[in-house]
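Notes follow the structure.
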There are 2 protein chains.
Amino acid sequence: MSFKDEITGWLMQLQDSICASLEQADGTSVFTEDKWTREEGGGGRSRIIADGAVIEKGGVGFSAVHGPTPAFLTKEDEHAVSSGISSGSTFFATGVSIVIHPQSPMVPIIHMNIRYFETSDGVKWLGGGIDLTPHYVSREDARFFHEALKKVCDSHDPAYYPKFKTWADDYFYIPHRKETRGIGGIFFDRITSGDPIVFQKQVAFWKEVGETFVPVYTELIRRNKEKVFGEKEKNWQLLRRGRYVEFNLVYDKGTKFGLETNGRIESILMSLPKYASWQYNFIPEEGSEEAKTLLLLKKGQDFLT
Amino acid sequence: MSFKDEITGWLMQLQDSICASLEQADGTSVFTEDKWTREEGGGGRSRIIADGAVIEKGGVGFSAVHGPTPAFLTKEDEHAVSSGISSGSTFFATGVSIVIHPQSPMVPIIHMNIRYFETSDGVKWLGGGIDLTPHYVSREDARFFHEALKKVCDSHDPAYYPKFKTWADDYFYIPHRKETRGIGGIFFDRITSGDPIVFQKQVAFWKEVGETFVPVYTELIRRNKEKVFGEKEKNWQLLRRGRYVEFNLVYDKGTKFGLETNGRIESILMSLPKYASWQYNFIPEEGSEEAKTLLLLKKGQDFLT
């Protein structure tokens, strides 16, 4: 079996097991599957859950697509560094992408993505990330989340967590609001090595990131799903989701790429919430839980202490 | 009084009279004003209405800003046509912008904008547009709306309506949905003339566009506000507003420009609805009113017949 077939099979199994665990955590709703094919080559299976006891709207997408390498990937970047991909090459890309919008404002929104990209001229890139968007930031939950990610990172390379945490802070940022999307997490791209032993270890790390999603998120659900909330918290959740929509439509690179390359629109916008809200110049009361959360939506927060 | 002062005063009065008429049409809610200043020069007054009997969320913004001309305006465009603006120049821009999201799905969303732009090296541009986004397209209302715009256009230049209607079709378009935002209207930009008599006539047309907003929209409110609707129609309204958010955040040039140039974010995003919704792959029942509306959200529809 080729490496790409092995990775593809592993990702499909990961999607299966994540969906099964999320159904169990939700308790009432199940995923429906939407299979799709891409005209230019490949396809995917989008799995959608809605109106559950815990999850209001969520998607777990798998895709594996191939074709001629898009021109923007064969160009030099702004630092005149070549991607190493020749313009006549073909590419193969596969990944699993998740966004879960819970019913309760006390349960955080989560996003996870792991992806593998290779070209016919030998480029092999691993990328991915997990980030958490609590409507209300709990210090304990934030520490639990970042500790879990640090543990996965540290077991492979002590340089990973600080580097990938900063990368997430920079990536999941809404410049026009001067806010991070949530409490960040880790983000990485183009992890690769010419040394097969090193690359094998990188693949092991990358797989562990994917496997971290279920234990971490089901624990965050368990901790928070019974918490009492009222209209005030629900309203705040809708406003925070408005920010999530702003980030995804204006800044998210995956969304942008999908929209610009005529991608499968429903799968690209699977990340948007069932309901979101905008209110003119909403400023939370000083000292309120909402105001405290806003103060923490900044780059460079240390959530481990 | 300079031309720019005259225009600025006229726009402020237009904002006043539009707000008064909208308050009267709503019947229960009134505008609150938020004055702001721009660090680089100028400012504005944002007027917001919310939770009224007819209007769920609406904004009528006035602004008048000035400063060094942004670099992108002094460049040649993709056809190597110079804007005629030198890079050392200063600019002045003033306008009124409106977006109204009604409570009832039977009342259309409306948008209107008129703007004037001049530079220290003598450029004078008039721009603007009105477009309508009914949640349900009524042929009679669409005809009424387009006839009113055609009348304003025709009284100045018979070439205006066909040209500006097509421009609106092209501008208010959501490529990733292959849908127009609504039933269009008119859109125009950089209207100007070196001949003072001609320019004076262009200004008269531009003012009439601004004055057309109130009679047209209050009539559309009157026709539709008592219409009965249920949960199905409300749900459809929220989905259509999701599309409105997609257009404004991904494609609208004013929004993009505002986000990229560190504009006043609350005034820029005043156009977003109080509530919006996304549902995975929602396909309306064949032959339903929702499906009929979708069929009409295409470029090049003739709403005059």
Only one of B:ALA168, B:ALA142 is more than 30 Å from B:THR69 (Cα to Cα), assigned to a helix (DSSP H, G or I) and of a type in the set (A, V, I, L, M). Can you tell me which? B:ALA142
Name the residue, out of A:VAL198, A:VAL216, that is more than 14 Å from chain B (Cβ to nearest Cβ), β-branched (Val, Ile, Thr), at negative phi and over 15 Å from the mean Cα position of the chain (by Cα). A:VAL198
Just to verify a result, which residue in the range B:142-184, among those that are charged (D, E, K, R) and buried (at least 22 other Cβ atoms within 10 Å of the Cβ), is farthest from B:GLY61 (Cα to Cα)? B:LYS165
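Select from the range A:12-55 the residues that are touching a His at 6+ places or on another chain (Cβ under 9 Å) and buried (at least 22 other Cβ atoms within 10 Å of the Cβ) and list them in ascending order.
Matches in the range A:12-55: A:ILE55 only.
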Identify the residue in the range B:236-278 that is at pLDDT 95 or above, small (Gly, Ala, Ser) and not in a helix (DSSP H, G or I) and, among all such residues, is nearest to A:SER277 (Cα to Cα). B:ALA276
Taking the options A:GLU211, A:GLU285, A:GLU233, name whichever one is assigned to a helix (DSSP H, G or I), of a type in the set (D, E, K, R) and under 15 Å from A:TYR136 (Cβ atoms). A:GLU233
Restricting to the range A:129-163, give me the number of residues that are among the small types (Gly, Ala, Ser) and over 18 Å from the mean Cα position of the chain (by Cα). 3
What about A:ARG181, is it in contact (Cβ under 8 Å) with a residue 12 or more places away in the chain, within 14 Å of chain B (Cβ to nearest Cβ) and in contact with a strand residue (DSSP E or B) (Cβ under 7 Å, 6 or more places away or on another chain)? no
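From the list A:TRP236, A:TRP278, exactly one residue is within 7 Å of chain B (Cβ to nearest Cβ) and within 21 Å of B:LYS57 (Cα to Cα). Which is it?
Every option except A:TRP278 fails the conditions.
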What's the number of the only condition in (1) in contact with a Gly (Cβ under 9 Å, 6 or more places away or on another chain); (2) within 14 Å of chain A (Cβ to nearest Cβ); (3) aliphatic (A, V, I, L, M) that B:LEU297 fails to meet? (2)
Top-ranked residue in the range B:191-233 [being of a type in the set (Phe, Trp, Tyr) and surrounded by 18 or more Cβ atoms within 10 Å (Cβ to Cβ); ranked as farthest from B:ILE100 (Cα to Cα)]: B:PHE205
Condition test on B:VAL107, is it at pLDDT 95 or above and either assigned to a strand (DSSP E or B) or within 14 Å of chain A (Cβ to nearest Cβ) (or both)? no
Within the range A:63-103, considering residues that are hydroxyl-bearing (Ser, Thr, Tyr) and farther than 26 Å from A:LEU11 by Cβ, the one modelled with the lowest pLDDT: A:SER82
Residues (in a strand (DSSP E or B), free of Cβ contacts under 8 Å to residues at least 12 places away in the same chain and either away from chain A (no Cβ under 14 Å) or among the hydroxyl-bearing types (Ser, Thr, Tyr) (or both)) located in the range B:22-77: B:THR37, B:GLU76
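The values are calculated or read from the model by the stated rules, or taken from the named source; none is laboratory data. Since the model is a prediction, treat every value here as computed from it, not as a measurement. Ideal geometry is used to build each Cβ from the backbone, glycine not excepted, and the neighbour counts take in all protein chains shown.
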